[in-house]
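One structure below.
Rule-based calculations on the coordinates, nothing more; no lab input. A quick note: this is a predicted structure, and the numbers were derived from the prediction, not measured. A quick note on method: Cβ atoms are made from the backbone with ideal geometry, for glycine too, and the neighbour counts reach across all protein chains shown.
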Amino acid sequence: MKITTIGIDLAKEVFQIHGVDMHGKAVLRKQLRRSEMARFFANLDPCLVGMEAAVARTTGRESWENLGILSNSCHPSSSNLCEDQ
């Protein structure tokens, strides 16, 4: 079960994490509190993480990339996970 892509539904305190493998099969569904995010991602292999553009700016894209995570931001109305814009 190698997670290649993660989508994050962000909120103020509780986040929904959805991870898929290279075939697009859901392999992870998890709810995390804000305080658990850094520890969770620090223990993952490098992968693509998609999140809403406004939140990506406020959470600091550099902090994700320091963990070896390629983060792509998406417009909230986008139905496709992290297309390059």
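Mind listing whichever residues of the stretch 1-37 are touching a residue at least 24 places away in the same chain (Cβ under 8 Å) and within 12 Å of the chain's Cα centre (by Cα)?
Matches in the stretch 1-37: Ile3, Thr4, Thr5, Ile6, Gly7, Ile8, Leu10, Gly19, Leu28.
Consider the stretch 23-44. How many of its residues are surrounded by 11 or more Cβ atoms within 10 Å (Cβ to Cβ) and at positive phi?
Count: 0.
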